[in-house]
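Take a look at the structure below.
The numbers here are math on the coordinates, done by the rules we state, and not lab data. Treat the numbers as computed from the prediction; the structure is a model and nothing was measured. So basically every Cβ, Gly included, is an ideal-geometry build from the backbone, and we count neighbours across all protein chains shown.
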Amino acid sequence: MSMLTDQASLSRHADKLESFLDRGGLLVVNGHMAYPLLADVAPFLPQSGHGTDALAVHRLADHPVFAGVAEEDLTFRRGVAGFYGRGHNPPPDGAIALNGLGAGKVALDWLWRRPKGGTVFMHGGLDLWAYAGDPTSAARMAPQLLNWLKSEMRGETCDA
C-alpha cells in the first residue's frame with residue numbers, strides 16, 4: 001500500500017482488509033496511517049522535536065528488508081534529513097520494532113504477525129520503493145522487500 005493510497009475511501013472497506021489478514025494475508029503499508037484501516041493500529045503521530053537528531057533513524061532489530069542498509073542512508077537523502085520518516089504509527093502489542101526515529105527511537109518500521117492471522121509490515125514514511133534508484137545503500141530496500149515478500153508467500157518466515 002503506497003503512501004498515496006486514498007485512505008478515506010479504503011477505510012470504508014476496512015472490514016475487507018481485516019478479513020484478508022485473518023485469512024493469512026500479507027500487507028505492506030507505507031506512509032502515515034491516518035484513517036482507521038486496521039484494528040489495533042493507532043493513527044500516525046508526527047515526530048516531536050526539531051532538527052537532525054529528531055529525524056535520525058536507528059536500527060532496532062535486524063530484518064532482511066534492511067540488510068546492508070546504513071542508518072545514515074535512511075536518515076539523509078540528498079543531504080537532507082526527514083525524507084525517510086517524520087513520525088510513526090505506534091506498533092500494536094506484539095509487533096517487532098525494526099527501525100526507530102529520533103532520540104526516543106519510536107518505531108518507524110515494524111513487523112506484526114497478528115494473533116488472528118496475517119502479517120503487517122509497516123513503514124511510516126516515504127514509499128520504500130522510492131529508494132530503488134538511490135545512489136546509496138538505501139537502494140537495497142526495494143529488491144530486498146520483494147525478496148522478503150516472496151519468502152513470506154512461500155511460508156519461509158523471516159522475522160527480525
Measure out, as a whole number of angstrom, how far apart the alpha-carbon centroids of the stretch 57-98 and the stretch 11-38 sit.
21
Rounded, prolate or oblate (a/c below 1.5 giving rounded, otherwise prolate when a/b exceeds b/c) for the stretch 87-152 by Cα gyration tensor
oblate
Ranked by how many other beta carbons lie within 10 Å on average, peptides 85-93, 26-34 from highest
85-93, 26-34
Point-charge dipole on Cβ atoms (K/R +1, D/E -1) for the stretch 83-139, about Cα centre, debye to 20
240
Treat every Asp and Glu Cβ in the stretch 16-108 as -1 and every Lys and Arg Cβ as +1, leave all other atoms uncharged, and give the resulting dipole magnitude about the Cα centre to the nearest 20 debye.
240
If you keep only loop residues by DSSP, which chymotrypsin sites (Phe, Trp or Tyr not before Pro) in the stretch 54-127 have at most 10 other Cβ atoms within 10 Å of their Cβ?
none
Output ³J(HN,Hα) for the stretch 36-44: one whole-Hz value per residue in order, computed from phi by the Karplus curve 6.51 cos²θ - 1.76 cosθ + 1.60 with θ = phi - 60°, and x for Gly and Pro.
x, 8, 9, 4, 6, 10, 6, x, 4
For Lys16, go through the aspartates and glutamates and keep the ones whose alpha-carbon is under 13 Å away, minus same-chain ones fewer than eight residues off.
none
For the chain, what does the helix formula give at 222 nm: sum of -39500 (n - 2.57) over DSSP H segments with n ≥ 4, over the residue count, nearest 500 deg cm²/dmol?
-5500 deg cm²/dmol
Mean shadow area (nm²) of the C-alpha convex hull around the chain is 8.7
Out of Ala103, Ala39, Ala61, a Gaussian network model of the chain with alpha-carbon springs under 10 Å gives the largest mean-square fluctuation to Ala39
Please identify the trypsin sites (Lys or Arg not before Pro) of the stretch 111-154 that satisfy two criteria: DSSP loop assignment and at most 14 other Cβ atoms within 10 Å. Which are they?
Lys116, Arg154
